[in-house]
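To keep things clear, I will list the structure first and then write my remarks on it.
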Amino acid sequence: MIPRRSSGATPDPDALIVRAVLLASEERDIPRAAVDLAARIAQRSGAPVHVFSIARVWGTGFGFPNPGLLPNKKEWDRQYDVVRKAVARLRRKGIEADARVIGTRAAAKRILQEAKRLNCDAIVMGADPAKHVLLRDFSWAHEPHRVKARAGDLPVYLVTEDGSVESAA
């Protein structure tokens with residue numbers, strides 16, 4: 001179903017035929033332009049959009065999960081609000097949508113696992129502009145770019161706050 005990327009370029013979102021689309025967030029608000037792009041991709045195929053967000057787990061204590069490092073109620077509520085808004089916008093557009101929020105330290109890994117579990121043929125995420133190669137690993141905000149780098153042949157569309165879509169692989 002997914003056109004193979006021979007040159008490494010992400011396929012045109014208007015040319016995709018998909019079974020499902022994953023609209024994902026690594027703890028940030030999902031930009032309106034990202035919701036609109038996910039809806040446009042899904043609408044062409046009559047596919048659902050699965051909205052997925054991460055509540056950040058801050059680490060471990062001596063290799064064991066520590067309750068003080070888990071997301072607090074305010075952080076969970078914020079992520080539920082993020083997915084609720086995206087689902088409402090998608091449903092207003094006539095798109096079938098559902099949502100899920102999980103807590104993890106490995107956002108990129110879990111987003112790709114969720115896409116595979118739900119048989120998604122494209123991932124859409126809000127993202128900051130790419131950072132310098134030396135700064136990438138030190139920023140949680142770079143997770144969308146990690147998803148794109150690890151996705152293989154799965155198209156990942158990164159939408160910035162100004163609405164532009166990063167299309168280079």
Item to check | Within region 78-109, backbone nitrogen closer than 13 Å to the virtual label 7 Å beyond the Cα of GLU161 toward Cβ | outcome: none
Item to check | Label point at ARG117 placed 7 Å out along Cα→Cβ; residues across region 13-41 whose backbone nitrogen lies under 18 Å | outcome: 20-27
Item to check | Burial ordering of LEU22, LEU37, fewest other beta-carbon atoms within 10 Å first | outcome: LEU37, LEU22
Next on the checklist: Taking amide H atoms as placed 1.01 Å from N in the peptide plane, list the residues 5 or more away in sequence, or in a different chain, whose amide H sits under 5 Å from that of GLU161.
Outcome noted: ALA127
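Computed from the coordinates by the stated procedures, all read-outs in this text should not be read as laboratory data. Remember, it's a predicted structure, so these values are computed and weren't measured experimentally. No Cβ is skipped: glycine too gets one built from the backbone with ideal geometry, and neighbour counts run over all protein chains shown.
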